[in-house]
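This report concerns only the one structure given below.
The values are calculated or read from the model by the stated rules, or taken from the named source; none is laboratory data. What you see is a predicted model, and the numbers here were worked out from it, not measured in a lab. Neighbour counts are summed over all protein chains in view; Cβ atoms, including those assigned to glycine, are modelled from backbone coordinates with ideal geometry.
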Amino acid sequence: MDTVWLEDFLAVVRAGGFSRAAEQRAISQPAFSRRIKCLEDWVNAPLFDRGKHSVGLTAAGERLKPFAEEVLRQLETGRRDAASAAQASTETLLFASTHALSMTFFPPWLRMVEKVEPLMTSVQLTADSMVGCERLMIDGRAQFLLCHHHPAASTRLTADRFRSVPLGEDVMVPVAAPALAAQGLMNDGPYLAYSSESGMGRILAASWEESGRRPPPIPAFSSHLATVLAMMARDGRGLVWSPLSLIAEDIAAGRLVRVGQPEDEVRIAIHLFRPRARQTQVAERFWRRIWDEAGQRKNERSSDRTTSGHSS
């Protein structure tokens, strides 16, 4: 079995068809189809339901998909680990982050981490949409993912293959430009939405479904970038639920105004994800350090609550 077959298989899943996948893999479609057929012969079952208008996974294909992703991720980790062992220089820590947190949270968090103890290694950060970040993690091209997290929201980083540690808290706040906020647009005004690639969109949809809240009307504008939606809100284009970490200065300066009630806000956490499988030595040392520091903060908060309770 050639691992190229697994890469081809996942390319079809992502592209949604053989023609686009073959183009992305830079191979002719007949040759590409033969390689998919070789994989199906190896599995001894068809992997794709080849309909007239679309290509979907069969039950066998659905079962193979997470194993294919994990095999390729492990191979990439092993390649990096072997290359690192052969080098005398230090290894690079590979981070993925959603766009908003790459600007608002990652830089001060990294400064705080290095203030306690220098990393003594280089750091590479890739900012992308949540969908893009998940792909980087599943493909093994990132060791850690910094993102917003809500327990009700779905994610491809399933608990059987990935784990996470909370690093902080945030809140999604409905805001609008002052002139628009004065019109009382909470339920009927123009709405700025997150597109399907956005983790924020997943979180909002899951939170609203959990609370039984009616979603806003059809959006006037959508994007996977929280920064773009915040800019559109400042321009008076509509109401948006934005992470407070991104718009706190706008609220303080009066460029944006909170609308609605406190119960309209959505509390979220900031998590650092990693694969459950073994990573490189440098990545494992970094994770143990972050994990221990998070446990220490949790104990300190628990102690503070206990002390406060005794005082009262």
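Points to keep in mind about this one:
- Selection status of Arg274, in a strand (DSSP E or B), in contact (Cβ under 8 Å) with a residue 40 or more places away in the chain, closer than 20 Å to Leu146 by Cα and in the same structural domain as Pro151 (by TED's automatic domain parsing): yes
- Candidates Thr126, Thr158: the one that is under 14 Å from the mean Cα position of the chain (by Cα), surrounded by fewer than 16 Cβ atoms within 10 Å (Cβ to Cβ), farther than 20 Å from Val282 by Cα and not small (Gly, Ala, Ser) is Thr158.
- Residue selected from region 34-49 under the condition hydrophobic (A, V, I, L, M, F, W, C) and in a helix (DSSP H, G or I), by the criterion nearest to Leu64 (Cα to Cα): Val43
- Counting residues in region 132-152 that are free of Cβ contacts under 8 Å to residues at least 12 places away in the same chain, more than 30 Å from Leu10 (Cα to Cα) and surrounded by fewer than 20 Cβ atoms within 10 Å (Cβ to Cβ) gives zero.
- Screening Val71, Val43 for residues that are surrounded by 11 or more Cβ atoms within 10 Å (Cβ to Cβ) and either in the same structural domain as Thr280 (by TED's automatic domain parsing) or in contact (Cβ under 8 Å) with a residue 24 or more places away in the chain (or both) leaves exactly one candidate, Val71.
- Selection status of Val116, in the same structural domain as Arg276 (by TED's automatic domain parsing) and loosely packed, with under 15 Cβ neighbours inside 10 Å: yes
- Any chance Leu146 is in the same structural domain as Phe286 (by TED's automatic domain parsing), within 10 Å of the chain's Cα centre (by Cα) and at pLDDT 95 or above: yes
- Hits in region 1-23 - residues which are surrounded by 14 or more Cβ atoms within 10 Å (Cβ to Cβ) and within 22 Å of Leu75 (Cβ to Cβ): Trp5, Leu6, Glu7, Asp8, Phe9, Leu10, Ala11, Val12, Val13, Ala15, Ala21
- Residue that is buried (at least 17 other Cβ atoms within 10 Å of the Cβ), without any contact (Cβ under 8 Å) to a residue 24 or more places away in the chain and not in a strand (DSSP E or B), where the choices are Gly189, Gly201: Gly201
- Among residues of region 114-130 that are of a type outside the set (D, E, K, R), those with a beta-carbon under 6 Å from a residue that is in a helix (DSSP H, G or I) and surrounded by 10 or more Cβ atoms within 10 Å (Cβ to Cβ) at least six positions away or on a different chain give the pairs Thr121/Val282; Ala127/His99; Ala127/Ser102; Met130/Gly199.
- All conditions but one from (1) surrounded by 12 or more Cβ atoms within 10 Å (Cβ to Cβ); (2) modelled with pLDDT under 90 apply to Ala88; the one that does not is (1).
- First in region 208-232 and within 17 Å of Thr98 (Cβ to Cβ) and assigned by TED's automatic domain parsing to the domain that holds Ala177, second anywhere and part of a helix (DSSP H, G or I) and among the acidic types (Asp, Glu), Cβ under 8 Å, 6 or more apart: Ala230/Asp250
- Annotation note: of Ala181, Ala220, Ala205, the sole residue that is among the small types (Gly, Ala, Ser) and either modelled with pLDDT of 95 or more or closer than 26 Å to Glu134 by Cβ (or both) is Ala205.
- For Glu249: the one exception among (1) assigned to a helix (DSSP H, G or I); (2) crowded, with 17+ Cβ neighbours inside 10 Å; (3) at pLDDT 95 or above; (4) not aromatic (Phe, Trp, Tyr): (2)
- All of Asp2, Asp8 fail the test of being modelled with pLDDT under 90 and closer than 26 Å to Glu134 by Cα, apart from Asp2.
- Test: residue in region 178-190 that is in contact with a helix residue (DSSP H, G or I) (Cβ under 8 Å, 6 or more places away or on another chain) and among the charged types (D, E, K, R): no
- The set of residues from region 39-61 being under 31 Å from the mean Cα position of the chain (by Cα), small (Gly, Ala, Ser) and over 20 Å from Asp2 (Cα atoms) comprises Ser54, Gly56, Ala59.
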